[in-house]
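Throughout, read-outs are computed from the coordinates displayed, never taken from laboratory work. Treat the numbers as computed from the prediction; the structure is a model and nothing was measured.
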Amino acid sequence: MSSRYSAPTRLALAQLRSLRNTYGTVCHQLHMPLQSGSDAVLKSMRRSYRSDRYLGIIEKVRAAMPDAAITTDIIVGFPGETEEDFQRTLDVVRAARFASAFTFQYSKRPGTPAASTDGQVPKRVVQERYERLMATVEEITWAENKALVGREVELLVAVGEGRKDDRTGRMSGRARDGRLVHFTTAPAGANGGHIRPGDIVSTVVTYAAPHHLNTDGVPLRHRRTRAGDAWEAGRAPRTPGVMMGLPTVGAPPAQPAAPAAACAVH
């Protein structure tokens, strides 16, 4: 289980203590939307928090769960956003060191207060800021991922996560902190047998990219799970196949007459 909060202020101290007490049973990933690092923009968005408070909450999260991967949402070009406001967003991104970020360019939505607000940011300015934000986020996420090279990770094997898995002969899964990992599978019969989606494997990271990790060695451990059993049962045929034969043309052959019923002897 990972945690997602619509507003970071909803992550109370009691919940932080709960994270510490359940450290070994929950995923080490929290999604905490930032939206903007500018207090002026946050006020315009009617957010209840400010950047200093946001960073303070992240500091408490990492004190309770040091290896927590924190993800976020960021909007660029909200009406009234100045270059100084945008620079403040970059400052918070660098301080928070997010594992990943869902980034968006502001667009008008009819009926919302922001749509009729003065200070709409020109599209070319929004695009330029967005590209700078993406470059900053990727620089940080790549550095954070590189720090995991050489470390052992435990993965929940997934299906459909790796677009190149069929071509590369890999499988993909999610680490405890939600990071996407493409891993080399074990030979048939090794380390617990055939690896299935829903199973758990442990392996060592050998390569890092901004948005994923790779492992090149054979998995260290493989644990078959009930989730893997369910996946396998869903893919396996439930009944023996029935051969219907080839269709024929014309009238079907005559069937032999049924034998007459014998008369009873009294």
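Could you tell me the extents of segment 152-235's C-alpha atoms along the three principal axes, largest first, rounded to whole Å?
So the three principal-axis extents are 35, 26, 22 Å.
How about residue 123: which aspartates and glutamates have a C-alpha closer than 13 Å to its C-alpha, ignoring those fewer than 8 places off in the same chain?
Answer for residue 123, where 13 Å is the Cα cut-off: 81, 131, listed by chain and number.
Scan around residue 105 for amide H atoms under 5 Å from its own, H built in the peptide plane at 1.01 Å from N, and keep only partners 5 or more places away or cross-chain.
Here the answer is 76, since their amide H atoms fall under 5 Å of that of residue 105.
Collect residues whose amide H, placed 1.01 Å from N in the peptide plane, falls under 5 Å from the amide H of residue 45; neighbours closer than 5 in sequence don't count.
Amide H neighbours of residue 45, under 5 Å, 5+ apart: none.
Long-range amide H contacts for residue 221: which residues qualify at under 5 Å (H placed 1.01 Å from N, peptide plane, sequence gap of 5 or more or a different chain)?
202
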